Amino acid sequence: MSAHARLSPSASARWAACTASVKAIERARAAGDIGPDTSSEAADEGTAAHQIREECLSLGLDAYDFIGTAVVVNGHPWPVTREMAEALQPGIDWIRERVPAGALMMVETRVALDPWLPGQFGTIDCAFVWRAPDGVKELVLSDLKYGFGEVEAENNLQQMIYALGALQTLYGDSRDRWPDRVRIVIDQPRKGGLKEWTIAVR
């Protein structure tokens, strides 16, 4: 399997709106009109922020514990400043306040999307199942967006696709055990904070 999904969920807004774009991009890449995927400083900074968040959620640490250290991404060290820690901590706290004791929390977990997109996959930032205050059982997906380009939770196709992958990973073909609802949370600390949207599974 290649390192990148052909129908990448992160590009779902494009290929869902224009299915012909998939083959057009593949032809352009094969012809050399489009070079290999490259990163940018903004993307690398986002990767560093994701790494700090992952370690906090996996190891029980706070973002503040990393102040003064550096995360190396593509050979470039990104210092963890107080500003970054203060941006990341509220979203980390939001998750911790809601994950039930002993519950499985998926952190930076790769999920297969085969039943819906054969051969494709995606990586979930964070997901868990809880019972919401109104008593409804929910799958919660929290996605960190560290950049400044605004991302909405409502009708977020990428996260809806990831939700299917998470449900398949957690429950397999036992769809009668699926939660009744999915809560999509976009954690965008530098552009609007936490944004939530719920959608019924059935």
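Where residues in region 132-153 are surrounded by 15 or more Cβ atoms within 10 Å (Cβ to Cβ) and among the aliphatic types (A, V, I, L, M), which of them is farthest from residue 186 (Cα to Cα)? Of everything passing the filter in region 132-153, 132 is farthest from residue 186 (Cα to Cα).
Of everything listed in (1) modelled with pLDDT of 95 or more; (2) over 16 Å from residue 127 (Cα atoms), the single unmet condition for residue 54 is (2). On the basis of being farther than 18 Å from residue 89 by Cα and in contact with a strand residue (DSSP E or B) (Cβ under 7 Å, 6 or more places away or on another chain), does residue 163 make the cut? Answer is yes for this residue. Scanning region 190-202 for residues that are without any contact (Cβ under 8 Å) to a residue 40 or more places away in the chain and either buried (at least 17 other Cβ atoms within 10 Å of the Cβ) or assigned to a strand (DSSP E or B) (or both) yields a count of 2.
Tally time: how many residues in region 103-160 are among the polar types (S, T, N, Q) and touching a strand residue (DSSP E or B) at 6+ places or on another chain (Cβ under 6 Å)? Give the steps one after another, and end with the answer.
Of the residues in region 103-160, the ones among the polar types (S, T, N, Q) are 109, 120, 123, 142, 155-156, 158-159.
Those left that are additionally touching a strand residue (DSSP E or B) at 6+ places or on another chain (Cβ under 6 Å): 109, 123, 142, 156, 159.
Of the residues in region 103-160, 5 are among the polar types (S, T, N, Q) and touching a strand residue (DSSP E or B) at 6+ places or on another chain (Cβ under 6 Å).
Identify the residue in region 94-107 that is open to solvent by 60 Å² or more (accessible area, probe 1.4 Å) and within 17 Å of the chain's Cα centre (by Cα) and, among all such residues, is farthest from residue 63 (Cα to Cα). This residue is 104. Scanning region 154-189 for residues that are surrounded by fewer than 22 Cβ atoms within 10 Å (Cβ to Cβ), at pLDDT 95 or above and more than 18 Å from residue 130 (Cα to Cα) yields 154, 155, 189.
Scanning region 75-92 for residues that are open to solvent by less than 20 Å² (accessible area, probe 1.4 Å) and either on the phi > 0 side of the Ramachandran plot or part of a helix (DSSP H, G or I) (or both) turns up 84, 85, 87, 88, 89, 91, 92. Looking for something on the phi > 0 side of the Ramachandran plot, over 12 Å from the mean Cα position of the chain (by Cα) and open to solvent by 60 Å² or more (accessible area, probe 1.4 Å) - is there at least one such residue anywhere in region 114-131? No, that holds for no residue.
The values are calculated or read from the model by the stated rules, or taken from the named source; none is laboratory data. Small disclaimer: the values here were computed from a predicted structure and weren't measured. For neighbour counting, all protein chains shown are included, and Cβ atoms are generated from backbone atoms with ideal geometry for every residue, glycine included. Ligands, DNA and RNA are stripped out before the accessible areas are found, and what is left, the full protein with its side chains, is counted by its heavy atoms. Shrake-Rupley method; radii C 1.70, N 1.55, O 1.52, S 1.80 Å.
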